[in-house]
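Peer 1: Take a look at the following structure, please.
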Amino acid sequence: MSDAKFITVQEALKLGTGKVSLRGWVYRERGSAALKFVVLRDGTDIIQCVIKKDVVGDEKFKDADKLQVEASIELHGTLHEDKRAPTGYELRVDDFTVVGWSDQFPITKDQSAEFLLDKRHLWLRSRKMQAILKIRATLFSAFREYFDKEGFLEYHSPIFQATQAEGGSSLFSVKYFESVTYLAQTWQLYAEPAIFAYEKLYTIAPSFRAEKSQTSRHLTEYWHAEMEVAWATFMDIQDYGEGVIKHMVRRVLAEREAELKILGRDPEKLRPVLEKPFPRMTYTEALALLKEKFGMELDWGKDLRTIEEDKLSSLYDTPIIVTEYPTIVKAFYMKQVPGHPEVVQGCDFIAPEGYGEIIGGSARETDLEVLKEKLTEQGEDLAGYDYYFDTRRYGSVPHGGFGLGMERIVSWLCGLDSIKDAIPFPRTPARWTP
Ligand code: 4AD
Ligand code: MG
């Protein structure tokens, strides 16, 4: 039967009747002396399969009897509706072949999060991880689709970079032959030079942060979706951020209902994101709101912490955009508000339900002297940034951009407890294997 045409479980469930061939892995199995139930899993869904001794014969049935969870098999049989089966149909098997036997699978019910991370290479097969990674793929596709349609070009920065952009304390240094360099925290300082050639750019690439904080929001290696655009105003940057998030949520709601259901995520919680404009407020207004609603007093000039972000976001069912942060808490490249050098045109998008900052962006400082001053204050050697200063020397234009943490948005949309489940193999200060 090797020339059989295999269809997916999803296709089989749609067909519902007739003779088909399926292949995949044993998701569950139970049996008696004459009857074996196998729930088959493939990349698309699961379906119950019934193997009867009097149909396949004594010899074949011995194989069926030995099947363990995660063995790979090919099955040929007839589809029937069956309300008791997990997905409403079953395959009555005429014949089958074991492709790969399976040892006793180490993952059983109720194992600790740490054990599942140790066995991540196997846990990827779980229904939960399958659902998350499908939603993740849709989000990558939606980010690209949005910016492709807006006339942006996908562009790539180096990952080995000689300087910092987001603060020296979170840099990973790498031995580079006889010298030392760093892993990228952002593409930004290599995207800005390119907007003078291509104007509208985006990327999705890994970024690295040596942050020791072990939180449910931080990875040391994460996928960073960034955009940079010439001639843009601060308002344009916020509009692009709101536009792309709405598009990403729209695609997930349209295409990943089944996966949200597997994760127990109520799609109605995400619907307001499509329907309402994102509230926008300045940092100073945010402090006033925190005081009014929660009696929280934060000194002007202190960055918003997790606790303040969570309180603010609890007031809304869409992301909020906080703008005009104090200059001292933000990166050196953010543009000072004209006439108010104490605040910058930077914006953080804070997700609802306590998922924290999903986008950080800004208009970029175009005044070369201000850039040099800020870097000097941070103790940076200006020589390393000379290539970057050239962006302000030859036909500088107003511009800006943002970075979106892909695992942050995956966590929020999937309703995850930890960002570690938003990426196939998470890296944190305490974990870098398997
Ligand atoms: O706010 P950040 O540091 O901004 C930048 O890197 C800018 N250069 C981006 C730009 O304007 N092109 O990081 C951007 C986003 C954050 O909003 C957050 O979603 C995510 O990256 N992020 C992390 N995600 C997971 N783990 C971490 N350790 C993260 N650090 C930042
Ligand atoms: Mg930020």
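The values are calculated or read from the model by the stated rules, or taken from the named source; none is laboratory data. Keep in mind it's a predicted model, so treat the numbers as computed, not measured. Ideal geometry is used to build each Cβ from the backbone, glycine not excepted, and the neighbour counts take in all protein chains shown.
Peer 1: Restricting to the range 163-221, name every residue that is touching a Pro at 6+ places or on another chain (Cβ under 9 Å) and not in a strand (DSSP E or B). I'd like the intermediate steps shown before the answer.
Peer 2: Filtering the range 163-221 for residues touching a Pro at 6+ places or on another chain (Cβ under 9 Å) gives 183-184, 187, 190, 210-214, 218-221.
Selection gives Ala184, Trp187, Tyr190, Ala210, Glu211, Lys212, Ser213, Gln214, His218, Leu219, Thr220.
Peer 1: For the range 311-322, indicate whether the set of residues that are in a strand (DSSP E or B) and of a type in the set (S, T, N, Q) is non-empty. I'd like the intermediate steps shown before the answer.
Peer 2: Of the residues in the range 311-322, the ones in a strand (DSSP E or B) are 320-322.
Subset that is of a type in the set (S, T, N, Q): none.
No - not one qualifying residue is present in the range 311-322.
Peer 1: Return the residue satisfying two criteria in turn: it lies in the range 360-377 and is farther than 27 Å from Lys276 by Cβ and either among the hydroxyl-bearing types (Ser, Thr, Tyr) or within 16 Å of ligand 2 (Cβ to nearest atom) (or both), and of such residues it is surrounded by the fewest Cβ atoms within 10 Å (Cβ to Cβ). Step through it out loud before you land on a result.
Peer 2: Of the range 360-377, the ones farther than 27 Å from Lys276 by Cβ are 364-377.
Subsequent filtering for residues that are either among the hydroxyl-bearing types (Ser, Thr, Tyr) or within 16 Å of ligand 2 (Cβ to nearest atom) (or both) retains 364, 366, 376.
Values: Arg364: 26, Thr366: 14, Thr376: 12.
It comes out as Thr376.
Peer 1: Given the structure, is Ser362 among the small types (Gly, Ala, Ser) and within 16 Å of ligand 1 (Cβ to nearest atom)? Lay out the reasoning, then the answer.
Peer 2: Values: among the small types (Gly, Ala, Ser): yes; within 16 Å of ligand 1 (Cβ to nearest atom): yes.
Criteria met by Ser362.
Peer 1: Across the range 167-217, what is the number of residues that are out of contact with any helix residue (DSSP H, G or I) (no Cβ under 8 Å at 6 or more places or on another chain) and either at pLDDT below 95 or more than 24 Å from Ile237 (Cα to Cα) (or both)?
Peer 2: Going through the range 167-217 one residue at a time, the tally reaches 20.
Peer 1: What do you reckon, is Lys212 over 22 Å from Gln185 (Cβ atoms), touching a residue at least 12 places away in the same chain (Cβ under 8 Å) and of a type outside the set (Asp, Glu)? If you could, list the steps in order and put the result at the bottom.
Peer 2: On the way: over 22 Å from Gln185 (Cβ atoms): no; touching a residue at least 12 places away in the same chain (Cβ under 8 Å): yes; of a type outside the set (Asp, Glu): yes.
So Lys212 does not fit the description; no.
Peer 1: Within the range 47-97, count every residue that is under 36 Å from the mean Cα position of the chain (by Cα), buried (at least 19 other Cβ atoms within 10 Å of the Cβ) and assigned to a strand (DSSP E or B).
Peer 2: Matching residues across the range 47-97 total 8.
Peer 1: Here is a further query. Restricting to the range 178-200, count the residues that are within 16 Å of ligand 2 (Cβ to nearest atom) and hydroxyl-bearing (Ser, Thr, Tyr). So that I can check it myself, show each step before the final result.
Peer 2: Filtering the range 178-200 for residues within 16 Å of ligand 2 (Cβ to nearest atom) gives 184-189.
Then keep just the ones that are hydroxyl-bearing (Ser, Thr, Tyr); that gives 186.
Going through the range 178-200 one residue at a time, the tally reaches 1.
Peer 1: Here's something else I'd like to know. Determine whether Glu357 is at pLDDT 95 or above, surrounded by fewer than 18 Cβ atoms within 10 Å (Cβ to Cβ), under 30 Å from Cys414 (Cα atoms) and within 16 Å of ligand 1 (Cβ to nearest atom).
Peer 2: Answer is no for this residue.
Peer 1: Here's a check for you: in the range 385-434, which residue that is within 23 Å of His247 (Cβ to Cβ) and over 18 Å from the mean Cα position of the chain (by Cα) is farthest from ligand 2 (Cβ to nearest atom)?
Peer 2: Restricting attention to the range 385-434, the residues satisfying the condition of being within 23 Å of His247 (Cβ to Cβ) are 399-416, 419, 422-423.
Next, from what is left, pick out any that are over 18 Å from the mean Cα position of the chain (by Cα): 399-401.
On the way: His399: 18, Gly400: 14, Gly401: 13 Å.
Only one residue fits best here, namely His399.
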